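J.: Could you have a look at this structure, given as structure tokens, before my questions?
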Amino acid sequence: MNKNILGIDGMRCGMCELHVEQAIERGLEVKKVKASHLKNNVVVFSECDLNQEAFEAMLNPTGYRITSFEKAVAKKSLFGWR
């Protein structure tokens with residue numbers, strides 16, 4: 001399982017989080033997406049290896065901008081993926 005952490009500029013509220021999550025879920029094959037306007041980031045779990053360009057293609061039309069991109073390997077825990 002892959003874990004991508006994206007820094008996002010432009011999120012101000014819970015509705016912004018929802019817009020970002022839906023844009024990613026609709027356009028890419030992902031298992032879980034969690035956006036936070038307080039942390040200015042989105043954490044994405046997926047089976048396939050996704051790159052920054054794939055996320056930019058989904059988010060640029062919505063007006064949100066990626067400020068950072070980090071890849072990691074997700075680990076299974078008792079309560080889900082971390």
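J.: Using the Karplus curve 6.51 cos²θ - 1.76 cosθ + 1.60 with θ = phi - 60°, work out ³J(HN,Hα) for each residue of region 46-54 in order, rounded to whole Hz, and write x for Gly and Pro.
T.: 8, 6, 8, 7, 10, 10, 4, 4, 5
J.: Just to make sure I understand: if all protein chains stay in place, what is the order of L6, L78 by accessible area at 1.4 Å, largest first?
T.: Descending accessible area places them as L78, L6.
J.: Per residue, how large is the accessible surface of the chain? Use a 1.4 angstrom probe and give square angstrom.
T.: With all protein chains present, the chain gives 63 Å² per residue.
J.: Counting other Cβ atoms within 10 Å, which GluC sites (Glu not before Pro) in the chain have at most 13 and lie in a DSSP loop?
T.: E29, E47
J.: Hey, another quick one. Once amide H atoms are placed 1.01 Å from N in the peptide plane, what residues at a sequence separation of 5 or more from F69, or on another chain, have their amide H within under 5 Å of its amide H?
T.: Those lying under 5 Å, H to H, from F69 are G7.
J.: Moving on. List the residues, sorted by chain then number, that are 5 or more residues from K32 or on another chain and whose placed amide H is less than 5 Å from its amide H.
T.: F45
J.: Continuing with the same structure: What ratio of Cα Rg to 2.2 N^0.38 Å holds for the chain?
T.: The chain yields a ratio of 1.01.
J.: Under the Karplus relation 6.51 cos²θ - 1.76 cosθ + 1.60, θ = phi - 60°, what is the ordered set of whole-Hz ³J(HN,Hα) values for region 7-23, x standing for Gly and Pro?
T.: x, 10, 9, x, 7, 10, 7, x, 5, 4, 4, 4, 4, 5, 4, 5, 4
J.: Can you list which of the trypsin sites (Lys or Arg not before Pro) found in region 39-75 are DSSP loop residues with at most 15 other C-beta atoms within 10 Å?
T.: Sparse-neighbourhood loop trypsin sites (Lys or Arg not before Pro): K39, K75.
The values are calculated or read from the model by the stated rules, or taken from the named source; none is laboratory data. These numbers were taken from a predicted model, which means no experiment stands behind them. Quick reminder, even Gly has a Cβ in these numbers, built from the backbone with ideal geometry, and neighbours come from all protein chains shown. Please note that ligands, DNA and RNA were not included when accessible areas were found on the heavy atoms of the full protein model with its side chains. Shrake-Rupley method; radii C 1.70, N 1.55, O 1.52, S 1.80 Å.
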